[in-house]
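Trainee: My structure is below; once you've seen it, I'll send some questions.
The values are calculated or read from the model by the stated rules, or taken from the named source; none is laboratory data. Because the structure is predicted, anything quoted here is derived from the model rather than measured. Here the Cβ is made from the backbone with ideal geometry for all residues, glycine too, and neighbour counts use every protein chain on show.
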Amino acid sequence: MQLTFQKDELLYTLQMVQGIAGGRNTLPILSNVLIRAQDGNIECAATDLEVGIRIKVMGTIKEEGAITVSAKKIADIVRELPDEPIELVTTANDRVELTCGEGVYKIIGLSDEEFPDLPAADGSGIPIEGETLCSVINKTQFAASQEEVRYTLNGLYFNLMDDKTEVVATDGTRQLALTYCPPLKSSDDVTGLIVPLKTIREVARIFAESAEIKISHQKNQLLFADENTTLTTRLVEGEYPPYQKLFRDSSDGRTVISKEAILRAARRVSLLSDPKNFLICLEIDTEQIRISAKTPELGEAHETVSVESGTGSVRIGLDARVLLDVLAHIETDSLIFEFTGEFIPLIVKPIGDNEHTCYIMPMRLEPASPLES
């Protein structure tokens, strides 16, 4: 095989695949990127057996062929090369030789025969705007569980309705985020899909600039594809928890407040929250929100933020980390707090966006002292 690339084209492609190759795999071939020139096209591919990527790369083919080589090593080398054309040649015993300017770099590779087959996009699938899909991911993925033992919560749940798709993430104990996107249902046989969190992060990274993405479901796999890239993932098997139990028709109180004002105040006050549980207290009324934290070993803090409008009042305890995470993913200047009681989840919504809702589970507070103000 003999190929010629511009540095920027090759480096961009290698950076796209490097996040999927490698990791904790024990099979050496899974740490490698497949470089293949066939039928007039050059393609790079990588997989960890759970997630796989195929991406086209611009280049000149002098001789077709295929080889796999360490994804990290070739990316590191190409990154440091001067901005000159790069020639890639395969030699005997599965060696790869890179030539750029006055430099020659020889890397030991592996035959492509052991590289797993990855499905290719056939142009079918349900289209969705890239901006829409990335927005859905940004609004929800932060709430998914990071604990591997709760595998069904380690991803986004796509509830495939006939008229829309409900996208949900939750860690099962502290928070839940929900939003909607256009319908992605392709058959009546499948009503919901759990897409792994690693895949979701790769989709947001790889397709950040894509105008349109086509999504297709094949047995236990899901394919995301644009005109140059196909990302394949295994779906999480299992039942997603009945999150609809959190839904309620109405709340006793409703407060509108500036996102930046509450975010900055909560961030400052949380510096003196107990590092064991990060508990902060929100006292919400029709005029203001008082945020406070107290830790015997550290001290205490409180700050008051004026509200734009409000009805009702509540005193509620929250995990500061969760509150800050939720606020950081609200995409409007103002937001709504909806509440019913100190032991009922606080609802957070962007003002003017009825399709994004976050639920924060409350924490138990000590009774308020009569001297507190």
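Trainee: For SER273, only one of the following conditions fails: (1) surrounded by fewer than 18 Cβ atoms within 10 Å (Cβ to Cβ); (2) touching a helix residue (DSSP H, G or I) at 6+ places or on another chain (Cβ under 9 Å); (3) within 17 Å of PRO362 (Cα to Cα); (4) among the small types (Gly, Ala, Ser). What is its number?
Mentor: (1)
Trainee: Restricting attention to the stretch 140-173, report how many residues are outside any helix (DSSP H, G or I), β-branched (Val, Ile, Thr) and over 17 Å from VAL322 (Cα atoms).
Mentor: So the count comes out to 3.
Trainee: Now, a different point. Would you say THR255 is in contact with a Gly (Cβ under 7 Å, 6 or more places away or on another chain) and part of a strand (DSSP E or B)?
Mentor: yes
Trainee: Which of the numbered conditions does GLY310 fail, given that it passes all the others? Conditions: (1) within 33 Å of the chain's Cα centre (by Cα); (2) touching a residue at least 40 places away in the same chain (Cβ under 8 Å).
Mentor: Tallying (1) within 33 Å of the chain's Cα centre (by Cα); (2) touching a residue at least 40 places away in the same chain (Cβ under 8 Å), GLY310 fails exactly one: (1).
Trainee: Given (1) buried (at least 19 other Cβ atoms within 10 Å of the Cβ); (2) under 14 Å from the mean Cα position of the chain (by Cα), identify the lone condition not met by ILE213.
Mentor: Result: ILE213 passes all but (2).
Trainee: Ok, one more. Among (1) of a type in the set (A, V, I, L, M); (2) out of contact with any Ser or Thr (no Cβ under 6 Å at 6 or more places or on another chain); (3) not in a helix (DSSP H, G or I), which single condition is VAL322 missing?
Mentor: The failed condition is (3).
Trainee: Another question, if that's okay. Exactly one condition in (1) among the charged types (D, E, K, R); (2) touching a strand residue (DSSP E or B) at 6+ places or on another chain (Cβ under 8 Å); (3) not assigned by TED's automatic domain parsing to the domain that holds LEU156 is false for ARG264; which is it?
Mentor: (2)
Trainee: Please report, ordered by residue number, the strands (runs of 3 or more DSSP E) entirely within the stretch 189-231 with at least 3 residues that are closer than 15 Å to GLY52 by Cβ and out of contact with any Pro (no Cβ under 9 Å at 6 or more places or on another chain).
Mentor: The strands (runs of 3 or more DSSP E) meeting that bar are 221-225.
Trainee: Here are the criteria: (1) part of a strand (DSSP E or B); (2) in contact with a helix residue (DSSP H, G or I) (Cβ under 8 Å, 6 or more places away or on another chain). Tell me which single one ILE330 does not satisfy.
Mentor: (1)
Trainee: Which ones in the stretch 121-176 are of a type in the set (Gly, Ala, Ser), over 13 Å from the mean Cα position of the chain (by Cα) and surrounded by 15 or more Cβ atoms within 10 Å (Cβ to Cβ)? Walk me through how you get there before you give the answer.
Mentor: Pass one, the stretch 121-176, residues of a type in the set (Gly, Ala, Ser): 121, 123-125, 130, 135, 143-145, 155, 169, 172.
With over 13 Å from the mean Cα position of the chain (by Cα) added as a condition, the list becomes 121, 123-125, 130, 172.
ALA121, GLY125, GLY130, GLY172 - these are the residues of the stretch 121-176 that are of a type in the set (Gly, Ala, Ser), over 13 Å from the mean Cα position of the chain (by Cα) and surrounded by 15 or more Cβ atoms within 10 Å (Cβ to Cβ).
Trainee: Please work out if LEU49 is surrounded by fewer than 13 Cβ atoms within 10 Å (Cβ to Cβ), touching a Pro at 6+ places or on another chain (Cβ under 7 Å) and either within 24 Å of ASN220 (Cα to Cα) or touching a residue at least 60 places away in the same chain (Cβ under 8 Å) (or both).
Mentor: Criteria met by LEU49.
Trainee: Limited to the stretch 279-310, what total is found for residues that are surrounded by fewer than 18 Cβ atoms within 10 Å (Cβ to Cβ) and not in a strand (DSSP E or B)?
Mentor: 7
Trainee: Oh, and also: Which of the residues spanning the stretch 72-107 are of a type in the set (A, V, I, L, M, F, W, C) and at pLDDT below 95?
Mentor: The answer is ALA92, and nothing else.
Trainee: From (1) within 30 Å of THR199 (Cα to Cα); (2) touching a strand residue (DSSP E or B) at 6+ places or on another chain (Cβ under 8 Å), pick out the condition that doesn't hold for LYS106.
Mentor: (1)
Trainee: State which residue pairs qualify: first residue within 13 Å of ILE200 (Cβ to Cβ) and inside the stretch 143-162, second residue among the basic types (Lys, Arg) and in a loop (DSSP other than H, G, I, E, B) in any location, beta carbons under 9 Å apart, and separation of 6 or more residues or different chains.
Mentor: Qualifying pairs under 9 Å: ALA143/ARG174.
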